[in-house]
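Taking it in order: structure first as structure tokens, then the write-up.
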Amino acid sequence: ASSGSSASGSSGSSSGSSSGSSSSHALVFDKDAYSTLTTTITDADGADHEVEYRFYKAITYVAKPVDEKYQSLNVSVPVKIDGTAVDATHAPVLFANSVGGYMPSSVADATGVGGGGTTGAPGGGAPNASASPSASTSPASTSAAGEVASGGNGMVNAQGAMVSLPKLALAAGYVVVEPGARGRTLKNSAGEYYGVAPAAIVDLKAAVRYVRFNEGRIPGNVDRIVSSGTSAGGALSSLLGASGDSPLYDRHLKAIGAADASDAIFATGAWCPITDLEHADGAYEWNWGSNATSSGAKVDQTVSKELQSQFAEYQASLKLRGLGGFGTLTARNYDEYLVKQYLEPSATRYLTALSKADRESYLASNTFITWSGGKAAFSWADFLTHVGARKKAAPSFDAFDLSTGENNLFGLGTTQARHFTAYGAQNDTTGLNSKRVPSDIPDTLRLMNPMPFLVAKPNPHRTKHWWIRLGTNDSDTSHTVSANLAAAAHTLGDDVSHLYYWDEGHGANSDPGDFIEWIAGISG
Ligand code: DHB
């Protein structure tokens, strides 16, 4: 329902003139096939803007689609903002995925930018619910209503309202591309899972290639593509940025008939990225191991401790320098790093923005915070107590009983869920014959993780601009995951903006206006 939007004529001249059988011909963008829509967009400062834009809907972005419902994208091009004509020919391009929970995401039914509607329309999927351990234990099917995250990315601002980056970007005069992508639960009639890893990243890369391939036909500056996404979508956005033009994906891109063009992007925006999955269990226990779950029980402390030592080993191997002049990050100093670099400044920003009365009342009910000289100070242990219940069981990602969304993400063929860590496989409780990780898993993990593109042998074609955000209360993964991503990019000398939102949970986006301005700043 696109209340407030009005279609004023469309000129679909998609003639059947594409001759020849070259796959690229099928990928020529028809710049005349749009409808003109008008919508009112409230910007981050609360001001309303009337935006007239060209909406190009459900364009299949590969020549050999597996499922066009997901492998299609929408393009929105601003024409008039508050009555003034705008020329988006050289505008930055926001490439906003709406993936949640590594589930399928489709934009095919969207009625306008950001899914349609006048205020940030919530996505059809619930990322939290869809990624919960129970979600993958129910039989997956391709068409069950409500399992597709579409038309939004589930982000909320500090007031709990939905945030639509696509809408904010359009109102700022940017071109907006919203790609769909296959996701882990998709199953064909032969019972094969065709959206498991690495399908989603391959699709997003193919969509970027499509935009590049159509330079000059799709308005916007293809050298200023800025990707955004939240949670699993944030992970994929990071991966898109880190892995630009990597030949590792060529075979997969070829198989779906992706356009012959670069898939490197200019900048990455990632909110609460659920990434570095094969190391996330150890990181999770390092961070939340002493916190009880919502039922009040502690997780198996032997398992937790074993995983923590895996994290220590992994963290040491990364050899990352922290931001703010901090030295090499290790499992021993990471708590201090998080507190000093992120958590205390986050609390300070939050408390500074409050009225004196509100600040005093907050401090009175949160006595673990010392407020002095306009700055918040506290210990890591008190911070953990403040956050409270951990969201996930142990191991959080590669569950012994194969019950997580990530187990499904690493499914293959007709197998719905598989182990992807040695520890998970060794401790399998589902009766598998082999206690080893399947032999194809390492290659698949390589395609799903931004970290190897940033450490060891850094990818020269990666994005050099990173916007990373995370709520301090978010225990969907370890706080070290986004901090490591930021530190890896920082260690390479990239431009990194990474902040934590105080007391915000999973999916928060408390400074969307700053992101829109950041894009203008780096694009100039
Ligand atoms: C998401 C959340 C998770 O906890 C997870 O493991 C994967 C994805 C999400 O919200 O996208």
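The values are calculated or read from the model by the stated rules, or taken from the named source; none is laboratory data. Here the structure is a predicted model, which means the values were calculated and not measured. Every residue, glycine as well, gets a Cβ built from its backbone with ideal geometry; the counts of neighbours run over all protein chains shown.
Counting the residues of the range 221-248 that are within 16 Å of the ligand (Cβ to nearest atom) and either surrounded by fewer than 24 Cβ atoms within 10 Å (Cβ to Cβ) or not β-branched (Val, Ile, Thr) (or both) gives 13. Here residue 311 fulfils each of the conditions (1) of a type outside the set (Lys, Arg); (2) within 16 Å of the ligand (Cβ to nearest atom); (3) under 24 Å from the mean Cα position of the chain (by Cα) apart from (2).
Listed here are the residues, each with its yes/no results for (1) in contact with a helix residue (DSSP H, G or I) (Cβ under 9 Å, 6 or more places away or on another chain); (2) surrounded by fewer than 18 Cβ atoms within 10 Å (Cβ to Cβ).
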| residue | (1), (2) |
| --- | --- |
| 299 | yes, no |
| 313 | yes, yes |
| 316 | no, yes |
| 324 | yes, yes |
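In the set (1) touching a Ser or Thr at 6+ places or on another chain (Cβ under 9 Å); (2) farther than 19 Å from residue 376 by Cα; (3) assigned to a helix (DSSP H, G or I), residue 298 fails one condition alone, (3). Pairing residues of the range 312-329 that are in a strand (DSSP E or B) with residues that are surrounded by 17 or more Cβ atoms within 10 Å (Cβ to Cβ) and of a type in the set (S, T, N, Q), at Cβ distances under 8 Å and at least 6 apart in sequence or on separate chains, gives 321/491. Considering 92, 65, the condition of being of a type outside the set (Ser, Thr, Tyr), out of contact with any helix residue (DSSP H, G or I) (no Cβ under 9 Å at 6 or more places or on another chain) and either modelled with pLDDT of 95 or more or away from the ligand (no atom under 16 Å from the Cβ) (or both) is satisfied by 65 alone. Among the residues of the range 378-388, at least one is within 16 Å of the ligand (Cβ to nearest atom), among the hydrophobic types (A, V, I, L, M, F, W, C) and either buried (at least 16 other Cβ atoms within 10 Å of the Cβ) or at pLDDT 95 or above (or both). Considering 278, 285, the condition of being assigned to a helix (DSSP H, G or I), in contact with a Leu (Cβ under 7 Å, 6 or more places away or on another chain), farther than 17 Å from residue 387 by Cβ and within 16 Å of the ligand (Cβ to nearest atom) is satisfied by 278 alone. The set of residues from the range 363-374 being in contact (Cβ under 8 Å) with a residue 12 or more places away in the chain and either part of a helix (DSSP H, G or I) or among the charged types (D, E, K, R) (or both) comprises just one member, 363.
Only helices (runs of 4 or more DSSP H) whose full extent lies in the range 423-524 are considered here, and the ones with at least 3 residues that are within 17 Å of the chain's Cα centre (by Cα) and more than 16 Å from the ligand (Cβ to nearest atom) are 479-491, 512-523. Determine, yes or no, whether residue 251 is farther than 25 Å from residue 169 by Cα and more than 16 Å from the ligand (Cβ to nearest atom). Yes.
Tell me the residue from 349, 332 that is over 20 Å from residue 475 (Cβ atoms) and in contact (Cβ under 8 Å) with a residue 24 or more places away in the chain, please. Selected residue: 349, the only one of 349, 332 that is over 20 Å from residue 475 (Cβ atoms) and in contact (Cβ under 8 Å) with a residue 24 or more places away in the chain.
Within the range 385-407, being touching a strand residue (DSSP E or B) at 6+ places or on another chain (Cβ under 9 Å) and outside any loop (DSSP other than H, G, I, E, B) holds for one residue alone: 390.
Within the option set 265, 218, being away from the ligand (no atom under 16 Å from the Cβ), of a type in the set (A, V, I, L, M) and in contact with a Gly (Cβ under 7 Å, 6 or more places away or on another chain) holds for one residue only, 265.
Among the residues of the range 165-185, at least one is within 15 Å of the ligand (Cβ to nearest atom), over 16 Å from the mean Cα position of the chain (by Cα) and at pLDDT 95 or above. On the basis of being surrounded by fewer than 15 Cβ atoms within 10 Å (Cβ to Cβ) and touching a residue at least 40 places away in the same chain (Cβ under 8 Å), does residue 404 make the cut? It is false that residue 404 is surrounded by fewer than 15 Cβ atoms within 10 Å (Cβ to Cβ) and touching a residue at least 40 places away in the same chain (Cβ under 8 Å). Checking every residue in the range 103-119 against the condition of being modelled with pLDDT under 95, crowded, with 24+ Cβ neighbours inside 10 Å and within 16 Å of the ligand (Cβ to nearest atom) gives zero matches.
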